[in-house]
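Throughout, read-outs are computed from the coordinates displayed, never taken from laboratory work. Small disclaimer: the values here were computed from a predicted structure and weren't measured. FYI the Cβ positions are ideal-geometry reconstructions off the backbone, even for glycines, and counts take in every protein chain you see.
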Amino acid sequence: MQEMANSFYYIGAGGLILIGLYMVLAKTNLIKIILGLSFLDTGTHVLLVAIGYVRGRTAPIFSEGMSETTAVVDPVPQALVLTAIVIGVGVLSLALALSIQVYRHYGTLDVRNIRGLKW
Amino acid sequence: MRKAIAFLLVATVGAAFYVVLGHIPFGEDKIDVANHYIQNGVRETGAVNIVTSVVVTYRGFDTLGEVTILFIAAVGIGAVLFTEKKARDEEPKQKASLIVQTGTNLLFPFILLTGVYVFIHGHLTPGGGFQGGAVIASGYLLLYLTWPDWRINRRRFNAVESLSGLAFVVLGVLGITYGMGFLANFLPLGTPNTLFSAGIIPIIYIAIGLKVGSELAGIVGNLMERE
Amino acid sequence: MSVIEGILILLMLVAAVATSIFKDLISAVITCAAVSLLASLLFYLLDAPDVAMAEAAIGAGLTTAIFVLAVRKTKRYEE
Amino acid sequence: MVNPSLLIAIPLAGAFAIPLVGLGSKRIAKWIPPLALAVNLVMGLTLFPKVIEQAIIISIGGFPPPFCINLMVGPLGLSLGILISLIGLLISLYAIDYIKTEPTEKYHALFLLLVTGALGIVLTGDIFNLFVFFEILCIASFALTAYQRDRMGSEAALKYLIQATVGSTFILIAIAFVYGLFGTLNMADIASKIPSAEPIHLFLTLAFFVVGFGVEAAIFPLNSWLPDAHSSAPAPVSAILSAIAIKTGVYAIARITYTLMNAQGVMLLISVGGAITLLVGEIAAYSQKEDIKRMLAYSSIGQIGLIVFALGISTSLGLFGALFQLLNHALAKCLLFLAAGYMISRAGSKKLADLEGLGKQMPLIVIAFTVAAFSLVGLPPFAGFMSKLSIVCAALETKETSYLALIVVALIATVIEAGYFFRLVQRLYFKGDPTTESSRPRVPEAPAGAMIPILVLAGLIIVLGIYPQLLTGALDLAAQELLHRSQYIEVVLGV
């Protein structure tokens, strides 16, 4: 049980990734697929930050009054996630712009009815 | 059928997670390279926020790539949703109520100010160019929601985008001319924990903040305007 | 402490499942924003205030706004 | 000495400047990409002699690796960088006249950023930085695929986006695993720590990496986006996607399997994947009887399969063959798509039937097209002959039944490939109504800006076919860089 509690965050992150993956693979509505992509992103971000977390330490900011020897958590995954969040919003907004464009041409968001090409 | 295959693939990925993550203990000290940043970060970069020093100095190249990605997304959305003629003839859309209008008028300057505060203090407190830029962009979103017919000045926004991006690259190249390598921190570091410290970090964060703000506002604008 | 974290994670997963079930895309987008907001709380609990701020401002705020705009320009209900 | 970080900084600055210059004059703005890439090409060539002697390590941010992101300018990275700059330069020259759809300055900015992304991928020595540049390349190519805003383009771009984004999430997950296992992101540092990890974790991490990059490299069964995207995009975009974008996926897979993971155990699996991709691609191309661009796109899948197959033969001859084939395919497929662009605009349709008899109307372009097609098939004296020959020799040299069986598959696929390219060339020259020729007014085949790149590419293919020794030295060194990972670690970390 303690083992389970230790990896709550991994379960949350993995679960989010798997739900997102399932939505991308199984859903037929384009907006739903893009929401799935957003879950894939968020899940990976939680996973990265959870990997960098060290129990009993503080955030990696040495504010005034803190000695420089204070134990802090790993700053690198946080920096990576900052980058990844911005990448994610770029991809998602481009995806939504494209789906608006597809809707203009086809009048539907259902991939089963969008068959100019093979899906 | 589609759902069955999806389930199968998801289960495979889940199993892979289980195996690998079982070997990466949660909450334990696994820090390797990052110890260098934690121990020497403040001294080497002058920024007390170690995440900032990693984002801007140690992994500054990623950050340059990242603002580039946002730039591509903004330009790409502009290209994808481009319309030849200016569709100005549509009937005027309904404005928001007077309360919202007054509220927006009051709030908008403060939102901008908050955004600027967040990215100027990026090396001291949590937050930085991206968060500040996002705050600025949400201010513009508010303007759009209140006055649907309002348009941002696209030429000015493009100019801000380009100039702040160029500033980032030029700061990087200046590092080379000072003989310290691309994106190196060539300015004096100053006293940690004061506003004018950390060399080029605040300057880069200001450039990032302006760039991210104008790009996100441009993306929102593109999606609002083009019917 | 651990209980709060467990509840937050559970809520996040429930919201994610709800997103995939809702036929009304606006509701789906709103639950997706809830997932981002909960993730942002988790980041805060994991001692990552910078990330929490970015996720709240970008993930929960702007992304949701962009999704809503896109849904408004297309169809609201999934067929 | 030129600082190699300028190889990335200059095109990036150029791309940021394009919207600004575009506010003043769009005619100046569209000359920025060729200018920036020409500077890049010259810088790359001046750096090359030094890099041959000793790889250059540039750390970005002023601290030594592994504490900063570093660029690894070795023989492999720089050769590919020069190839990317060259192809990018030629295609950007072609695009100056070809792209007329507004907003042109946005097209040129996106194109330059795509090339920058590819340059970053081949030069970087940091795994997360690789991911960032990979995303730059991907997002720019989504936007460019949809550039014409037509039905097919938007749909193909969205399909490409969804599949590639799932792929890049897999890459990010793999990076999270790597960071969790080793606590570092520098490739050389990871490579030196690989022995400390258990094989099963390494294998699963590698699987996430290969699936992620495999989407961009279009390895079967992850290739369903490619024919749509490559056939719906404008001609110069198809050319850059086929010639550069998918190659970066292959490069990333090679870098990770060889330098990062030293995964000797999975090489046969990679070869099998490559051979299947090759066969599937060539059969699909053969049965494509309608659309010329779609046929070329399927042929790209087949060629990528051949390159991946050769990568799996982990001998220096096999890697040499793979890199040589990569280079030949980049030159030839770029030429084919560029030539097809003007052939299609002359004939007014992408249908193969409408292109019949074009050989008499646009002789130069069709001759160049034929040269590239023959080079891809592997006919002497064109460049493709040497690379295919070395791949066959490498497979025979291993003397293992599995590779011998796979090379038989590859040869069958080559015969199929020859079948459809000969059929196409024959239709271009000998079919069609001869009377239409005189009825059409004599107009130039294409503007000079488009003819120069096409003829330069054709010339390169012929010259490399006759004098392959111009390149064999460099490619051999590049192959050695992949094989000798301990040297790579030594050079970067200075241990």
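Key figures
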quantity	calculated
Folded to 0 to 90 degrees: helix D:383-398 orientation relative to chain D principal axis, Cα	40
Partners for D:K100 among lysines (Cα-Cα distance below 24 Å; same-chain residues under 8 apart left out)	B:K85, B:K86, D:K26, D:K30, D:K293, D:K333, D:K350, D:K351
Signed unit charges on C-beta, dipole axis of region D:6-493, positive-most listed residue D:G77, D:A146, D:V308	D:A146
Ranked packing of B:12-23, B:196-207, most packed first, by mean Cβ within 10 Å	B:196-207, B:12-23
Between helix C:63-73 and chain C: long-axis angle, C-alpha atoms, 0 to 90°, nearest 10	10
Farthest positive-ward along chain B dipole, Cα basis, beta-carbon charges - from B:V118, B:F82, B:L189	B:F82
Label-point separation in nm, D:I452 to C:S27, each point 7 Å along Cα→Cβ	6.2
Average projected area [Cα convex hull, region C:2-73], square nanometres	4.5
Angle in degrees between helix D:292-312 and the longest Cα principal axis of chain D, rounded to the nearest 10	30
Mean ellipticity per residue at 222 nm, deg cm²/dmol - from DSSP H runs of n ≥ 4 across chain A, formula -39500 (n - 2.57)	-23000 deg cm²/dmol
Sequence-distant lysines (8 or more away, or on other chains) whose Cα lies within less than 16 Å of C:K23	A:K27, A:K32, C:K75
Label zone at B:A96, where the point sits 7 Å out along the Cα-to-Cβ direction: region B:122-154 residues whose backbone N lies under 17 Å	B:135-152
At most 14 other Cβ within 10 Å, DSSP loop - chymotrypsin sites (Phe, Trp or Tyr not before Pro), region B:151-195	B:Y178
For D:N70, distant residues with modelled amide H under 5 Å away	D:I60, D:G125, D:D126
Residues whose placed amide H lies under 5 Å from that of D:D291, excluding near-sequence neighbours	D:L352
Unit charges on C-beta of K, R, D, E only; dipole of chain D, Debye	1040
Average other protein chain Cβ within 10 Å of Cβ, residues B:124-137	6
Order by protection proxy (mean Cβ within 10 Å, highest first), peptides A:78-88, D:461-471, D:377-387, D:211-221	A:78-88, D:211-221, D:377-387, D:461-471
D:A353-D:K26 FRET efficiency (beta carbon distance; Förster radius 45 Å; 0.05 resolution)	0.75
Theoretical ellipticity at 222 nm over chain D - DSSP helices of four or more residues, -39500 (n - 2.57) apiece, nearest 500	-25000 deg cm²/dmol
Within region D:23-38: backbone nitrogen closer than 14 Å to the D:V2 label point (7 Å, Cα to C-beta)	D:35-38
Estimated [θ] at 222 nm from DSSP helical runs (n ≥ 4, -39500 (n - 2.57)) normalised by residues in chain B, nearest 500	-22000 deg cm²/dmol
Neighbouring partner chain Cβ atoms per residue of B:183-192, average, 10 Å criterion	2
For region B:7-80 and region D:461-495, distance of Cα centres in Å	31
Shielding of C:19-31 by partner chains, average beta-carbon count, 10 Å	3
